[in-house]
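Here's the structure we're looking at; comments come further down.
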Amino acid sequence: MADDVITLLTTDHRELQRLFEMMTSDKSARPLALPLAVAMLEAHSEAEEQGVYPALAREAGEEAEAKHATEEHHEAEHMGKHLLEMDWESEEFDQALRQWIDAVQHHVEEEENELLPALREALDAARLEELGLEFARLRSQALAGQPLKAADGADETRAELYDKARELGIEGRSTMNKDELAREVHKAEGGKG
C-alpha cells in the first residue's frame, strides 16, 4: 500500500529537521548538509505546489492558505540559495541559517497544524494516496534535476509558467498546478483553449 501524501510530507519535514540539527550542532556537517537541505526543500516545495496545493485549494477549500504557503516556499527557497553563497563558518552565516531554519519551521508548523488536517478532513484515503504518489513522482523528478513537464509536453517548468502568470496578472496562480498555469498563460497570451 502506498503512503498517503500526509505521511510523505511529514516524513520530509522530519528529514529537514534532522539536517537542520546537524548544521546547528556540528559546523563541519554544513558543507554536506546545507546543499542537501536546500535541494530537498526546493524539490519538496515544487512537488507540493504542483501536486498538493491545487488539491488543497480546490478540494479542501483552502485557497488563501495554499497561496500563503506558496509564498513561504518562495521566501525559504531564496533564503536557502543565499546561504549556499555564504562562508559557512562566518557569524553572518550563523545568523542567516537561524533565520532560514525559523522560517522553514514556521511553515512546517502551519502546514502540519492547519493545512494537512484540512486535507485529511476533506479527502478520502484513496485520494490522499493518489496525491502521495503524485507528490513522490514530482519530488523525485525535481531531485533528479528533471524538468517537471505538463501532460501536453510543454517544455516550460512550473516556476517559469508561474513567473509568466505573475507578469500577465493572472489571478489565483499560486494555487494552480503546472497544467492549469499553462492553460491560463496560453489564454492570456491570446491563445485559444
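Any read-out appearing in this document is the output of simple, stated calculations on the displayed coordinates, not a laboratory observation. For clarity, every value in this text was computed on a predicted model and none was experimentally measured. Note that we place each Cβ from the backbone using ideal geometry, even for glycine, and neighbour counts take in every protein chain shown.
Computed quantities for the displayed model
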read-out	value
Rounded to 10°, Cα long-axis angle of helix 158-168 versus longest principal axis of the chain	70
Peptides 33-44, 63-74, 48-59, 82-93 ordered by average Cβ neighbours within 10 Å, highest first	48-59, 33-44, 63-74, 82-93
Acute angle (nearest 10 degrees) that the helix 63-84 long axis makes with the longest principal axis of the chain, alpha-carbon atoms	40
Where only alpha carbons of the chain are counted, the Rg and the Dmax (Å)	17.2, 56
Helix 30-47 axis, angle to the chain major axis (alpha carbon atoms, nearest 10°)	10
